[in-house]
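J.: The structure's right below; bear with me while I get my questions together.
Any read-out appearing in this document is the output of simple, stated calculations on the displayed coordinates, not a laboratory observation. The shown structure was predicted, so the numbers you read here are calculated from the model rather than taken from an experiment. As a convention, Cβ positions derive from the backbone with ideal geometry for all residues, glycine included, and neighbour counts pool all protein chains shown.
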Amino acid sequence: MDPDAFAALHPDEYVKAFCDAGARPDGRAIDAARPLVIERGTLPSLPSSALARLGDTLVMCAVRPVLARPAAATPDAGIVDVSVQVSGTVDAALSPMQPGGGRYPPSALDWAESLSELFAKGALVDLKQLCVLPGKAAWCIRCELVVLLSDGCELDACVAAAAAALHGCPLVMPPALASACAHEAGAAGPSAASSLSLKALPVPVTTAVVFGKTLVDPSAVEAAQASGTALHVVALKPGQRAGDGAVLLLRADGPGADAAAADAALELRWGQMWGKA
């Protein structure tokens, strides 16, 4: 039988045959991740944007800062509002698996929840940095992601695209508003132009247990057969070993996903994401 036809009709047996041989359908080693490519400024009409490509997974992030009145409960802090959408073709690809595929994929709402843990609840963004005038004005950072193509590890690509678009995002007040804020605040008034800096630079890698083997950065066909997956997001600095980085998020789904298996991929991915940071 033609290999492509066999893979389509019997995806479980197809993936198992590779795992039993210590190989993978795309030729990677068990512990090898696909290259992560980041393009910043892909939407020039917006203050900040980024495109993340992970194999055949593609995610676009658009960042739109707007000024708003801060919440009464946090008068000295701004907010980061994260949303995730999927294109029509991706939505079809993420529908319940075909016969032979045992797991249901996460939804965009699940991805947005994990991204909010990182970017909206203080792990990576100092929300007080977004305050302009306590109780009166603060930045609301709208972080909008669209999954354009899907071939596994969509959340990894979302983390990468969001981090690249948010870090260094310009925060520029209209001149009239800047003047009014400066007048009200006096000598210690806010700067009319600044930029957003992340508290730490995140690096994401997903591992999956597939037929007893721990695979790094599983493709969609591999992830469909996983008995357990885990997303590891670690804060690294240049030259730092993965084991020394602070764990920002560990999202596990099912048993057995090994964080140590991702260390080499995390260190390599640092350079792919932040080598020019």
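J.: For 274, 139, which order do you get if you count the other beta carbons within 10 Å of each Cβ and list the fewest first?
T.: Ordered by Cβ neighbours within 10 Å, fewest first: 274, 139.
J.: Additional query: Under 16 Å from the Cα of residue 213, which lysines turn up, not counting those fewer than eight places away in the same chain?
T.: 16
J.: Students often get this wrong, so check it: of 121/199; 121/237; 128/199, which have C-alpha atoms separated by over 20 Å?
T.: Those over the limit are 121/237.
J.: Using 0.36 nm per residue, how much length does the chain from residue 81 to residue 211 gain when fully extended, once their Cα-Cα distance is taken away?
T.: Once the chain is fully extended between residue 81 and residue 211, it gains 43.0 nm.
J.: Between residue 69 and residue 43, take the C-beta separation as r, use R0 = 25 Å, and let me know the FRET efficiency to the nearest 0.05.
T.: With a Förster radius of 25 Å, E is 0.35.
J.: Give the calculated FRET efficiency between residue 176 and residue 32 to the nearest 0.05, with a Förster radius of 45 Å applied to their Cβ-Cβ distance. It would help to have the intermediate numbers written out before the result.
T.: Values: r = 54 Å, r/R0 = 1.20.
My answer for the efficiency is 0.25.
J.: Tell me which residues come under 5 Å, amide H to amide H, from residue 246 once H is placed; ignore anything under 5 positions away on its chain.
T.: Result for residue 246 returns 235.
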